[in-house]
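Structure first, commentary second.
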Amino acid sequence: MSLYSFDGQGLKMMILGSTNLLARHKSEIDALNVFPVPDGDTGNNMYLTLLAAAKEVQNSDTSHIGEVAEAAAQACLMGARGNSGVILSQLIRGFAKALAGKEKANALEVVQALEEGANLAYQAVMNPVEGTILTVMRRSAEAARSAVLRNYDLLRVMILTLREARVALGETPELLPVLKEAGVVDAGGRGYVIILEGILSILKRAEDISLLMDFTARQEEKFTKAVNRDFDSEIHFTYCTEFIVKGTNIPLDLIRHELSPYGDCLMVVGTEQVAKVHIHSNHPGMVLENCLNYGSIHEVAIHNMREQSKQILKESEPEKEIGIVTVGTGEGIIDIMNSLGADAVVVGGQTMNPSTEEIVRSIQGVNAKGILILPNNKNIILAAEQAAKLVSNKVVKVIPTRTIPQGLSALLAQDPTGDIEDNYQQMTAAAGSVKTGEVTKAVRETTSNGLKIQQGNLIGIAEGSIVAVGVEILQVLKDMLSIMLEEDHSLVTLYYGAEIADQAEEITEQLQKSYSDIEFELHYGGQPLYYFIFSVE
């Protein structure tokens, strides 16, 4: 069978098919994280980004390919999560740009769309690095161009495009030494190959357009809720927390029983495979951690009902000159951010990268003329920058904080009486003066930075590099500090996770004995996955 063109219905099928395939492979992609830490999220970010497009186009009644591509691009733009999601959103934006105004697309136009998508993806990254998803996108687009010069059959073109994408993916470790050392291919590149596989599988079955309706009918049930309610003058539980749990044999009754002490308005509904959880709580982090015992967490939404109540009751405040939007996870860390003057905290971080839309919503919710965003995670910076570009009624600048300690240091440096540019400069400088360390557990065997790591080992990460491996938290911390501390350093601030609450004080006391000339401060962070996050100043 040969196929020479397709319309918007075909594009819908490709988006839905690729989303479905990503859903099945996202855990595999997550596991390709260079570091063996339990927070690989590339696959999940790409899936959630493309899922935003799938949800948008499946409700569209147009068969005009340009209109479908534009709808998908807008949805991906707002739904982009993490660096991989932002790059993917730019690929889809390139598709929409190339297919604008067209009712159908032939092989040459698809190739042009692939090329435009790769170009925009490269432009989205300030310092593009070869050996990543960008390389796989570019080389597959080049292969598509060569293929279309010989044959206009779309199926043939996409087979050759996918073949080159797989070759390019296999060569990523030769281009990036860190991949070679870890023994993995690029996770984003693998995600892109999965997307191409999804497109090709639909092209091979393109004669059956009814597949679109079949797929749509199998989409998971949508949950609805009433949004009109009376707000009491006193709200006992601040955070309206909603999310979906996916797994096998999910015990709905047991989850209801376990979550009931955490708040009110509790709802746990669904099936043994998919459950929707809704609760008003002061401890959303604990709610999420509890449910992680029964499956994977999806579509997390946490809203501050006190702020919503103020808006509904029209409790107006004078507009400020500068507002701060920051990203954080862990109830202790969120409380600290609020106490240091953050106007809005977007709940997210490792494993839960917020979408562009969530950041935009937080920006718009702050009553200020100018906004400074603190992403506090290297994988959220691109989404924050994309959000800043989408807000036209405020001056928005992103301070490229890559860690929680950098974000907290920046918050400490803010001057409420200064203008946005002065604050941007001094907060950026403050963030850059902090060294960050993290202690977590390895989820697989690997080699990194010359260190042999076994599954279950504790690993110490300093400034983005694994520098220590061990079996005891105290020893790993000591090994890290022996590397990180310099002559002019005088303060180490530790934020401990909930898992080691009973050990944190004793560990800190032992560190103080070993480093008597250094001041140690200990704070409850409550962050998931990381036993300690700490700063050296």
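FYI, it's all coordinate maths here, none of it is from the lab. Because the structure is a prediction, the values reported are computed rather than measured. Quick reminder, even Gly has a Cβ in these numbers, built from the backbone with ideal geometry, and neighbours come from all protein chains shown.
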Given Cβ point charges of +1 (Lys, Arg) and -1 (Asp, Glu) and nothing else, what value in debye, to the nearest 20, does the dipole of the stretch 1-134 about its Cα centre take? 120
Please give the length that would be gained between ASN367 and ASN151 if that part of the chain were fully extended, namely 0.36 nm times their separation in residues minus their C-alpha to C-alpha distance (nm, one decimal). 72.1 nm
Hey, rough spin-label estimate for VAL471 and ASN127, points 7 angstrom out along Cα→Cβ, what's it come to in nanometres? 3.9
Within the set of other residues whose C-beta is less than 15 Å from the C-beta of VAL167, count the net charge using Lys and Arg as +1 and Asp and Glu as -1. -2
Ranked by how many other beta carbons lie within 10 Å on average, peptides 501-507, 188-194, 526-532 from highest: 188-194, 526-532, 501-507
Which of (1) 1.00; (2) 1.51; (3) 1.28 gives Cα Rg over 2.2 N^0.38 Å as computed here? It is (1)
Can you bin the stretch 389-537 into rounded, prolate or oblate? Criterion: square roots of the alpha carbon gyration tensor eigenvalues sorted a ≥ b ≥ c, rounded for a/c under 1.5, prolate for a/b above b/c, oblate for the rest. prolate
Given the pairs LYS97/LYS246; LYS26/LYS435; LYS246/LYS441, which are separated by over 27 angstrom at their Cα positions? LYS97/LYS246; LYS26/LYS435
Two pseudo-spin positions, 7 Å from Cα along C-beta at GLN512 and at LEU108, lie apart in nanometres by 7.5
Along the charge dipole of the stretch 391-527, which of TYR515, LEU477, LEU491 sits closest to the positive end, that is, farthest toward it, with unit charges on the beta carbon of Lys, Arg, Asp and Glu (+1, +1, -1, -1)? LEU477
Using +1 at the C-beta of Lys and Arg and -1 at the C-beta of Asp and Glu, which of GLN425, ALA384, GLY370 has the Cα lying farthest in the positive direction of the dipole of the stretch 319-433? ALA384
Using the per-residue mean of other Cβ atoms lying within 10 Å as a proxy for protection, in what order, highest first, do the peptides 458-469, 84-95, 49-60 fall? 84-95, 49-60, 458-469
May I ask which residue of GLN112, ALA23, MET78 lies farthest towards the positive end of the charge dipole of the stretch 5-217, with charges of +1 (Lys, Arg) and -1 (Asp, Glu) on Cβ and the Cα centre as origin? GLN112
Run the quick spin-label model on SER5 and ALA501: label points 7 Å from Cα toward the beta carbon, then report their separation in nm to one decimal. 6.4
For THR248 and GLU421, what is the calculated FRET efficiency with R₀ set at 60 Å and r taken between the beta-carbons, to the nearest 0.05? 0.65
Check cross-link reach from LYS55 to the aspartates and glutamates: straight Cα distance under 14 Å, and skip same-chain residues fewer than eight apart. GLU70, GLU220, GLU221, GLU299
What is the dipole size for the chain, taken about its Cα centre, with +1 at each Lys and Arg Cβ and -1 at each Asp and Glu Cβ, in debye to the nearest 20? 2100
Residues of the stretch 115-153 with amide N under 18 Å of a point placed 7 Å along Cα→Cβ from LYS180: 129-133, 135-136
Using Cα positions and a limit of under 28 Å, work out the lysines in reach of LYS369, with same-chain residues fewer than 8 apart set aside. LYS310, LYS314, LYS320, LYS378, LYS389, LYS394, LYS397
Loop GluC sites (Glu not before Pro), the stretch 92-162, which have at most 15 other Cβ atoms in a 10 Å radius of their Cβ (DSSP): GLU103, GLU130
Net charge near ALA498 (other residues with Cβ under 12 Å of its Cβ; Lys, Arg +1; Asp, Glu -1) is -4
